[in-house]
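Scroll down for the structure; my scribbles are underneath it.
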Amino acid sequence: MIRRFSTLYVGHIELEQCGLAGTPADDRRYPNARLTETFETATALAEATDALGYHTLWLAEHHFQHEGYECIPNIPLLAVDLAHRTRRVKIGCAFNIVPTWHPLRLAEDYATADILTKGRVVFGVGRGYHSREVESFGNPMLDAEANRELFEEQVEIILKALSQESFSHEGKRYTIPPDVPYRGYRLKEITLVPRPVHQPVEIWQPIVSGSARSLDFMARHGIKGVISATAESVVQRWMQDYQEAARRHGRVRALGEDVILGFRMCLDETRERAMQRARPYFEEHAKFMAPLGMLRYSEEHVTAVAARQAQSPTMATLEKGVDNRSWLCGPPSEIVAYLKEMQARYPGLEHIMIAWALGTPRALMIEQLTRFAREVMPAFQ
């Protein structure tokens, strides 16, 4: 049953002239003083979620976005700061873009954050979707297959480093440790120092295309899944596919278990008023993400995501998003009723994540967090 609630902040700054008729995404360029506002917003959201009883504040890692959409380059570093400003809320990595890191450096940073925050950082891994980011770090996305292979090998190294006292790895791209002399002997294994204190390490990964390969990889390694802002029919299919993948690897899970189900949302007294408030930010989000092929508001969108094809921003309407439940807009009573339906449909589901579109002002996010905590969350206590 649902018992944990979290929120996602991808690191956007406040944007003027949002919407399809506003400033084109590629025309946005902000000075450094504006881009650093993301850390003020992250602090405000951390303090609000901590006070309101949320389980986790999830943050997204991205790089080089002078457009102001996603401006957090290092989640573990920020998580340590936010944990020291709050009492109990966990800080989640949603998600570290593994191909932009050396896997051992990422493992070291997470382990350090785990120790310094007394276990309040939640680890999450992803492949990334901006070629500007991945290629700039020297790991060219030659094709989809090469990117998958790189990511999978890196995650396997990270898992070994975090869980084993000493380890070695020999793969297609990495040999760890190298066969070199060290103080009179040849290296055969190395140890991550220090390793995380809180074991076993809980790791989350986004379910983006729902491919059999990705679900099998997650199930094989015990990685938990996040399904966010995705059409209801697709969610149902992916929930079943994830459960079946876990079963094939000897992990019996109730439907919805080990999955976070996420929605973008706006609360107001009526559905119409909620949609009116959300529309400019919905459109801004679509304007930026559709050319990257990252919207999942329909079956057609999901097909494009799997094929890494660009989507049309104008084909994504808020009305369709509300109809297929990738967006929740309306009064709190309707949101409670729908989440109760999800609880009945997915008996293993424990964790709901709410989020807002790119450009949503800080004050509006905090207002919505507050209202959700006071008028929706108590129905699940």
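Residues in the stretch 142-199 that are at pLDDT below 95, of a type in the set (D, E) and not in a helix (DSSP H, G or I): D143, D179.
Of all residues in the stretch 342-368, those that are closer than 30 Å to E244 by Cβ have Cβ atoms under 6 Å from Cβ atoms of residues that are basic (K, R) and assigned to a strand (DSSP E or B), 6 or more apart or on another chain, in E350/R4; H351/R4; A355/R264.
The set of residues in the stretch 44-65 being in contact with a Pro (Cβ under 9 Å, 6 or more places away or on another chain) and not hydrophobic (A, V, I, L, M, F, W, C) consists of E61, H62, H63. How do the pairs read when you match residues in the stretch 175-189 that are within 16 Å of L104 (Cβ to Cβ) and in contact (Cβ under 8 Å) with a residue 12 or more places away in the chain with residues anywhere that are surrounded by 11 or more Cβ atoms within 10 Å (Cβ to Cβ) and aromatic (F, W, Y), using Cβ under 9 Å and keeping only pairs 6 or more apart or on different chains? Pairs that qualify, where the first residue is within 16 Å of L104 (Cβ to Cβ) and in contact (Cβ under 8 Å) with a residue 12 or more places away in the chain and the partner is surrounded by 11 or more Cβ atoms within 10 Å (Cβ to Cβ) and aromatic (F, W, Y), are I176/F167; E189/F167. Among the residues making up the stretch 300-335, those that are farther than 30 Å from F380 by Cα and in a helix (DSSP H, G or I) are E300, H301, V302, T303, A304, V305, A306, P313, T314, M315.
Yes/no matrix, rows are residues, columns are (1) hydroxyl-bearing (S, T, Y); (2) at positive phi; (3) modelled with pLDDT under 95; (4) outside any helix (DSSP H, G or I):
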residue: R247; (1), (2), (3), (4): no, no, no, no
residue: G250; (1), (2), (3), (4): no, yes, no, yes
residue: R264; (1), (2), (3), (4): no, no, no, yes
residue: E269; (1), (2), (3), (4): no, no, no, yes
residue: Q276; (1), (2), (3), (4): no, no, no, no
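Of all residues in the stretch 322-335, those that are aromatic (F, W, Y) have Cβ atoms under 9 Å from Cβ atoms of residues that are crowded, with 21+ Cβ neighbours inside 10 Å and part of a helix (DSSP H, G or I), 6 or more apart or on another chain, in W327/A278; W327/F282; W327/L318; W327/G321. With respect to (1) under 22 Å from R3 (Cβ atoms); (2) over 22 Å from the mean Cα position of the chain (by Cα), the lone exception for E269 is condition (1). Filtered by the rule that a residue be among the hydroxyl-bearing types (S, T, Y) and more than 24 Å from R127 (Cα to Cα), the stretch 270-321 gives T270, Y281, T314, T317.
The condition (being assigned to a helix (DSSP H, G or I), aromatic (F, W, Y) and either in contact (Cβ under 8 Å) with a residue 40 or more places away in the chain or touching a helix residue (DSSP H, G or I) at 6+ places or on another chain (Cβ under 7 Å) (or both)) is satisfied by just one residue among Y338, Y281: Y281.
Conditions (1) exposed (fewer than 11 other Cβ atoms within 10 Å of the Cβ); (2) more than 24 Å from D114 (Cβ to Cβ); (3) touching a Gly at 6+ places or on another chain (Cβ under 8 Å), marked per residue:
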| site | (1), (2), (3) |
| --- | --- |
| E165 | yes, no, no |
| R186 | yes, yes, no |
| Q199 | no, no, no |
| Q205 | no, no, yes |
| S214 | no, yes, no |
| I223 | no, no, no |
| W238 | no, yes, yes |
| L255 | no, yes, yes |
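Identify all residues within the stretch 307-334 that are farther than 20 Å from L20 by Cα, under 22 Å from the mean Cα position of the chain (by Cα) and exposed (fewer than 15 other Cβ atoms within 10 Å of the Cβ); write none if there are none. A307, Q309 - these are the residues of the stretch 307-334 that are farther than 20 Å from L20 by Cα, under 22 Å from the mean Cα position of the chain (by Cα) and exposed (fewer than 15 other Cβ atoms within 10 Å of the Cβ).
The values are calculated or read from the model by the stated rules, or taken from the named source; none is laboratory data. Quantities reported herein were computed from a predicted structural model and do not represent experimental measurements. Positions of Cβ are generated from backbone atoms using ideal geometry, with glycine treated the same way; all protein chains shown enter the neighbour counts.
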